[in-house]
Every structure is written in structure tokens, then in C-alpha cells.
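Heads up: the structure comes next, in C-alpha cells.
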Amino acid sequence: MKLEELRGKLSYQGILLGGAALLTSALLSFFSQATEADIKAAEAADLKQSLSQVLPGEYDNDLLKDTVTLPGSQDEVLVYRARRAGKVEAVVYRVTGYGYSGAILCVMGVSREGKILGVRVISHKETPGLGDKIEPARGDWIHAFEGKYLGDPPADKWAVKKDGGVFDQFAGATITPRAVVKAVKGGLEFFDSNKAKLLDEAGGVK
Amino acid sequence: MNEKYARITRDGLWDNNVVFAQMLALCPLLAVTSSATNGLGMGLATTTVLLLSNIIISSVRQFVSPEVRIPVYIVLIATLVTLVDMSLNAWAHELYKVLGLFIALIVVNCAILGRAESFASKNSVADAALDGLMMGLGFTASLVLIGGVREIFGSGTLFANAHLLLGPAFAFLETTIVPEYKGFLLMILPPGGFMVVGLLLAAKRVLDQRRAARIALIAQEA
């Protein structure tokens with residue numbers, strides 16, 4: 001057969017390999033363009049949904065567009081601001097804790113009075129079955145932060161019970177809740193020291 | 001003809017099972033089988049890719065020279081997995097959030113290249129499609145079994161969070177086997193996976209040996 005003779009030739013193999021690579025990369029780049037807009041839209045909807053979980057209530061601006069970036073304790077913090085009639089009512093930003101096995105990424109919402117509206121864990125690598133009770137799907141623990149602020153409980157009580165604080169730890173996992181409590185406390189301190197900028201009131205209303 | 005299809009089916013599901021006979025794909029296996037639900041998700045995603053890759057490889061088998069077949073297969077499979085990954089992310093985002101992790105792991109799943117090399121490149125498209133489906137189902141069954149055993153001993157539940165994967169209609173699958181269970185961490189971590197795989201492998205060998213002995217006995221009496 002003619003094809004069988006061809007298959008043995010070096011030039012055929014080179015062209016075959018090149019052709020396969022060309023065809024697949026063309027397919028991939030076409031697909032990447034075709035899906036790009038949909039993927040971005042889905043990710044934005046995701047972000048909006050996770051933000052709205054820590055922001056109860058109605059706001060009349062587009063959160064994702066009203067942002068400000070401020071220097072935090074480690075690196076820059078991207079803050080989303082929720083407004084009602086032009087006035088910043090609440091802010092949302094990410095805080096990171098360091099747990100038993102790496103970073104625990106949380107998002108927290110804080111009202112203009114400095115009270116916590118909500119905290120959610122976005123991603124973590126804590127031990128399944130022990131440390132993962134910080135996820136709202138697996139336990140109520142994360143809701144303990146709601147309504148708390150620096151002062152209630154007092155600064156030295158912002159810790160898990162084992163360290164003399166007010167927040168529960170889990171049986172068999174103290175490091176994970178300790179890390180989250182510390183991260184949330186750090187988030188509130190960040191709010192306190194950047195209050196004017198966060199609430200967009202440094203130089204009067206824009 | 002029917003016998004051939006029965007042979008392919010038996011091979012995929014039991015005799016030549018990806019995990020318990022070929023001992024392939026152990027890396028993604030140990031990583032995801034901490035629960036039965038995770039095993040099911042990984043199994044279904046792998047079955048889809050295996051079916052598609054077997055069909056594609058089998059339909060181009062005439063044109064691919066044996067000398068360059070491996071790189072060609074790798075390019076085709078990697079492309080396929082990436083396409084599945086992107087289309088799920090764009091058009092089935094809720095499913096992607098659950099399966100996304102598994103799809104990335106399929107690229108390192110040597111079972112897929114193994115089937116392309118040892119079956120799809122030598123057989124017709126229909127045979128290859130059936131082989132891909134059956135190998136995938138056999139793999140899924142093994143993953144659910146291993147995940148189930150680890151979940152029962154590790155956290156005392158079975159099919160926890162199944163509604164996240166299959167939708168709220170399947171919430172009835174979620175059962176708590178041992179209430180107020182304190183958890184047995186070792187089973188959830190990778191060493192527990194090795195132990196469960198080893199024990200189940202031994203059990204399969206025992207079953208197979210008993211069956212072979214029985215068949216030999218019947219043959220002797222006849």
C-alpha cells in the first residue's frame with residue numbers, strides 16, 4: 001500500500017509531527033479565544049457571589065469597578081467598596097492566614113463602623129475532616145465573627161479559647177482556627193489604620 | 001462478534017482493570033480518593049476523556065507512523081484534555097468548580113496513553129470506543145470503591161457532599177455511617193490510600209485464584 005511506504009519515510013514523519021502540532025495548537029488557540037469571554041464572565045460572577053456573601057444588604061454601585069489598592073502588612077490589598085447614594089457603607093478585602101499546611105485565603109466584609117459583616121474562606125489546604133470545618137459548608141464556625149469588632153471582644157481576647165480568647169477551636173485542629181482568627185484580627189487592624197482612605201473621605205467626597 | 005465485545009467489557013471492568021490489574025494511574029488515584037464522591041468525579045471525568053481519546057487515536061491510526069506515534073498521541077491527548085477543561089470552564093462553570101481539579105490531573109493519567117498505545121492504535125473505532133468506555137467505568141468503580149472505604153474509616157460518612165457533584169437530587173446518597181465519629185486521619189492521608197489499594201488488590205487476587213481453582217476442578221471432573 002502506498003500509505004505504508006510513506007509512513008516509513010523520515011520526511012513523512014516530520015511533516016506528520018509538525019502537522020499534528022500545528023493542527024492542535026490552531027485548535028487550542030481558536031478555542032481559547034472562543035471561551036475567553038465566557039470564562040471571564042463566569043469568574044466575575046463567581047467573585048461577585050463570594051463578595052455578596054460577606055456583604056448583606058443592598059448597594060447601588062458596581063462593586064467590581066469601585067476598588068482601591070492600599071499597602072497592607074505584607075503586600076498590597078485590593079479593596080472593593082460598596083456604596084449607597086455615593087457614600088461608602090462597607091468594604092470587602094482579602095486577608096491571608098497561615099495554617100497547618102499553607103495559606104488560608106479569606107475574604108471579609110467590614111461595615112463603615114468597623115464591624116465584621118461576614119468572613120468566608122476562599123481557598124485552603126488544611127487537613128480534610130479536621131481543619132476544613134472553617135468552610136461554611138462543613139460547619140458554622142466561620143459565622144462566629146459576624147458583628148465582632150476591635151473592642152468586642154477586647155484586643156487580647158481575639159484568639160482561640162486555648163490561647164485565652166473567645167473563639168472556639170476544633171477537636172484535633174487548633175492551628176487552623178488560630179490562623180483564621182489572627183488573619184481576621186489583622187484585617188480589622190488594617191481597616192482601622194486605613195479608615196479614611198477606605199471610606200473615601202480623606203479629601204472630601206469626590 | 002458478540003464474544004469480542006464481551007471480552008472487551010470484561011477486560012475493562014475486571015480482568016484488566018486499570019487500577020487493580022494494570023496498576024496504572026495510581027498518582028491521581030491516591031490524590032483524590034479521600035472520599036467516594038471525589039472518586040466518582042475523577043472517574044467520570046477520566047471516562048469521558050478516555051472515550052474521546054480512544055476514538056480519536058483509533059481514527060488516525062492509519063496515518064501515524066510507529067516511529068513518532070508517542071509524541072503524536074501525547075499532543076492529541078493533551079489538546080483534548082485542555083479543550084475539555086476550557087469548555088467546561090466557559091459553559092458549565094458550576095460543574096467546573098467541582099471537577100476542575102480532576103481535569104488537570106487527567107493530563108498526568110498514564111492510563112489514557114496506555115490505552116491509546118496498547119488498544120486504540122491497533123483496533124477499529126467501534127472497538128476502541130467500547131474499550132475506552134469500559135476501561136473508564138472500571139476505573140470509576142475502583143475509585144469509588146477505594147474512596148468509599150477510605151471515607152468510611154477516615155470520617156465515618158459515605159458520599160458526603162455528593163450534591164455538590166451531582167446536583168441536589170442526589171443528596172440522598174449522603175449517609176453518615178458512624179455518627180459522632182472522631183475521624184481516623186491516616187485513612188484520609190495518602191498512606192491510607194496505599195493501604196486500601198494494597199488490601200483490595202490482595203482481595204482481588206484471592207477471588208481470581210479461587211475462581212481459577214474452581215474452573216480447574218470442574219475441568220478435572222468433566
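List of remarks:
- Residue match in the range A:54-71 (condition: surrounded by 14 or more Cβ atoms within 10 Å (Cβ to Cβ), closer than 30 Å to A:T174 by Cα and of a type outside the set (D, E, K, R)): yes
- Residue within the range B:85-95 that is over 21 Å from B:H163 (Cβ atoms), more than 10 Å from chain A (Cβ to nearest Cβ) and at pLDDT 85 or above present: no
- Some residue of the range A:20-29 being over 15 Å from the mean Cα position of the chain (by Cα), surrounded by 17 or more Cβ atoms within 10 Å (Cβ to Cβ) and within 10 Å of chain B (Cβ to nearest Cβ): yes
- Among the residues here, A:K162 qualifies as free of Cβ contacts under 8 Å to residues at least 24 places away in the same chain and assigned to a helix (DSSP H, G or I).
- When the criteria are applied in full, B:F170 fails the requirement of being buried (at least 21 other Cβ atoms within 10 Å of the Cβ) and over 15 Å from the mean Cα position of the chain (by Cα).
- Residue satisfying condition, being buried (at least 17 other Cβ atoms within 10 Å of the Cβ), under 19 Å from A:A20 (Cα atoms) and at pLDDT 85 or above, within set B:L44, B:L40, B:L80, B:L51: B:L80
- Residue within the range A:34-46 that is surrounded by 12 or more Cβ atoms within 10 Å (Cβ to Cβ), closer than 28 Å to A:T127 by Cα and within 17 Å of the chain's Cα centre (by Cα) present: yes
- The condition of being of a type outside the set (A, V, I, L, M, F, W, C), within 14 Å of chain A (Cβ to nearest Cβ) and either more than 24 Å from A:L130 (Cα to Cα) or out of contact with any Phe, Trp or Tyr (no Cβ under 6 Å at 6 or more places or on another chain) (or both) holds for only one of B:G192, B:G154, B:G167, that being B:G192.
- Enumerated strands (runs of 3 or more DSSP E) restricted to the range A:1-113, each holding at least 2 residues that are at pLDDT 85 or above and within 25 Å of A:A159 (Cβ to Cβ): A:87-99, A:102-111
- Of all residues in the range B:145-165, those that are surrounded by fewer than 23 Cβ atoms within 10 Å (Cβ to Cβ) and either of a type in the set (S, T, N, Q) or touching a residue at least 12 places away in the same chain (Cβ under 8 Å) (or both) total 13.
- Residues that are more than 28 Å from A:G172 (Cα to Cα), surrounded by 13 or more Cβ atoms within 10 Å (Cβ to Cβ) and not charged (D, E, K, R), drawn from the range B:173-214: B:L200, B:L201
- Residue tally, condition surrounded by fewer than 19 Cβ atoms within 10 Å (Cβ to Cβ), in contact with a Ser or Thr (Cβ under 8 Å, 6 or more places away or on another chain) and closer than 21 Å to A:G118 by Cβ, over the range A:145-188: 2
- Taking the range B:140-222 and the helices (runs of 4 or more DSSP H) fully enclosed by it, the elements with 2 or more residues that are β-branched (V, I, T) are at B:190-221.
The values are calculated or read from the model by the stated rules, or taken from the named source; none is laboratory data. Nothing here was measured: the structure is a model prediction, and the numbers come from that model. Please note: Cβ atoms are built from the backbone with ideal geometry, for glycine as well, and neighbour counts cover all protein chains shown.
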